[in-house]
Amino acid sequence: MRVAVLALQGAFAEHEQMLSRLHVPFIEIRQKRDLAEPFDGLIIPGGESTVQGKLLRELGLYDELKGSILSGLPVFGTCAGLLLLAGKIQNDTRTHFATMDIIAVRNAYGRQLGSFYTEEEFQGIGTVPMSFIRAPYIAGVFGEARALAMVNGHIVAARQDRQLVTSFHPELNDDLSVHQYFINMIV
Ligand code: GLN
């Protein structure tokens, strides 16, 4: 098994460290020729969703990756990665892969609560540490998507078949459980 990490921008190195700690081999996707190597899952890191969305299109990665996700490639998007997968973004006219039945709100916690830490229940895991950085939240799920975690009445993690998203950054804490959850979705 091998996981691809989208390495265009943002916190991809931290995800790679989590995969290393779980002894899961990975490759980086930086350009179109990287898609020639086979992989069984994809991680889309946090960062800036508009920048990643633009680079995905400019580098010619967008169509093939979207097709793979729609064909069932397991994918895990954190923060900006959640925004790339959201079918609808309430405060942005642009969407990106838009493969998940979730309505996201960008920079949802405003300036004052731009970054914060909490611990909450994650369905199927238990209590997990959650670090938020200028995070989106999920205003609602529809269709096939299901909420997996809530913080202060807002959805911060969701799953739809083999797509997983978190508003928070599990790669910034020691806890490996959310990455392990994603690996279990692949195998
Ligand atoms: N605010 C960023 C965006 O809109 C997401 C922040 C993050 O990924 N940490 O894309």
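Residue check: LEU83 meets all listed conditions (1) out of contact with any His (no Cβ under 9 Å at 6 or more places or on another chain); (2) in contact (Cβ under 8 Å) with a residue 12 or more places away in the chain but one, namely (1). When ASN91 is tested against the conditions (1) of a type outside the set (Gly, Ala, Ser); (2) within 11 Å of the ligand (Cβ to nearest atom); (3) closer than 27 Å to ALA7 by Cβ, the lone failure is (3). Within segment 111-136, if we keep just the residues that are polar (S, T, N, Q) and either exposed (fewer than 14 other Cβ atoms within 10 Å of the Cβ) or over 14 Å from CYS79 (Cα atoms) (or both), the residue that is farthest from the chain's Cα centre (by Cα) turns out to be GLN112. Beta carbons closer than 6 Å, at least 6 apart along the sequence or on distinct chains, pair a first residue in segment 149-172 that is open to solvent by 60 Å² or more (accessible area, probe 1.4 Å) with a second that is outside any loop (DSSP other than H, G, I, E, B) and among the small types (Gly, Ala, Ser) for LEU172/SER131.
The residues of segment 137-148 that are of a type in the set (A, V, I, L, M, F, W, C), open to solvent by 50 Å² or more (accessible area, probe 1.4 Å) and assigned to a loop (DSSP other than H, G, I, E, B) amount to a single one, PHE142. Per the listing ALA108, ALA104, the residue uniquely surrounded by fewer than 21 Cβ atoms within 10 Å (Cβ to Cβ) and either within 16 Å of the ligand (Cβ to nearest atom) or among the hydrophobic types (A, V, I, L, M, F, W, C) (or both) is ALA108. Considering (1) over 15 Å from ALA86 (Cβ atoms); (2) assigned to a strand (DSSP E or B), the lone condition that ALA157 does not fulfil carries the number (1).
The values are calculated or read from the model by the stated rules, or taken from the named source; none is laboratory data. On a predicted model such as this, the values are computed, not experimentally measured, just so you know. Note: ideal-geometry Cβ built from the backbone for every residue, glycine included; neighbour counts use all protein chains shown. Each accessible area value is taken on the protein alone, full model and side chains, heavy atoms only, with ligands, DNA and RNA left out. Shrake-Rupley method; radii C 1.70, N 1.55, O 1.52, S 1.80 Å.
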